[in-house]
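*Asks:* Mind looking over this structure? Questions follow.
Every number here is computed from the coordinates shown, using simple stated rules; none is lab data. In this text the structure is predicted, and so the values were computed from the model without any measurement. Here the Cβ is made from the backbone with ideal geometry for all residues, glycine too, and neighbour counts use every protein chain on show.
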Amino acid sequence: MTEQIDPTDARQGRKGTRVFTVLTVSLALMVVAWFIFELIWK
């Protein structure tokens, strides 16, 4: 028979908090870069 594994232990990655943080920070940096670009090229 096959071994029963807890679904939480079977996950290959951690919970999505780190991914959410990376996406939020990258979006904020993109907005800042966009404003700087707009200020320089006007």
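*Asks:* What distance in nm separates the two pseudo spin-label positions at Thr17 and Ile36, each 7 Å out from Cα along the beta-carbon direction?
*Replies:* Taking the two extended label points, one gets 3.0 nm.
*Asks:* State the answer as a single residue: which of Trp34, Met1, Phe20 lies farthest towards the positive end of the charge dipole of the chain, with beta carbon charges of +1 for Lys and Arg and -1 for Asp and Glu, about the Cα centre.
*Replies:* Trp34
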